[in-house]
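The values are calculated or read from the model by the stated rules, or taken from the named source; none is laboratory data. On a predicted model such as this, the values are computed, not experimentally measured, just so you know. Backbone-built Cβ (ideal geometry, glycine too); neighbour counts: all protein chains shown.
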Amino acid sequence: MSTSRWAVEPIGYVRNSAQHVPRSAVCDFEGVESEIEILEELSPALDGIEDFSHIIVLYWMHRLEDLSGPLKVHPAGLKDLPLVGLFATRSPRRPNPIGLTMVRLLSRQDNRLRVARLDALDGSPVIDIKPYFPTDPANPRLPDWARRWYR
């Protein structure tokens, strides 16, 4: 692995009631609404975002203390699911603790975005926001274990 470092500065912060990582973020963030507070000086960069129904949020999983771990895991820690490579899962234990989630944009008020189902903890630094375009396949291919687990 390269020894070079990259500098990433937050563009804002997540505000919500989530204080710990649930066992299954896919399910446990279902009813969570969050506010993303963008730095005041970056507020003009949000102009037009309210015209999109969904946005993609990249954030730093700032509460992870120990990032080390195995390179093969059982998805969601469930032993009845197959042992797969870390990059075939959405485990938070990654070489770089970057979270990425597509969320529904509920509203914008000045430098604040209200969103649904953001699987980030309160205080998480937001590192980028992008509008969602329907370019992803409608019916992506998934392994059998992923289809069973996601249901």
- Message: So for region 68-81 (the condition being touching a His at 6+ places or on another chain (Cβ under 7 Å) and not β-branched (Val, Ile, Thr)), does at least one residue qualify?
- Response: yes
- Item | Candidate set: region 74-86, residues that are at pLDDT below 90 and not in a loop (DSSP other than H, G, I, E, B); chosen: the one surrounded by the most Cβ atoms within 10 Å (Cβ to Cβ) | Pro75
- Task: Only residues that are farther than 21 Å from Ala116 by Cα and in contact with a Leu (Cβ under 7 Å, 6 or more places away or on another chain): list them for region 64-93, please.
- Result: Leu71, Lys72, Val73, His74, Pro75, Gly85, Leu86, Arg93
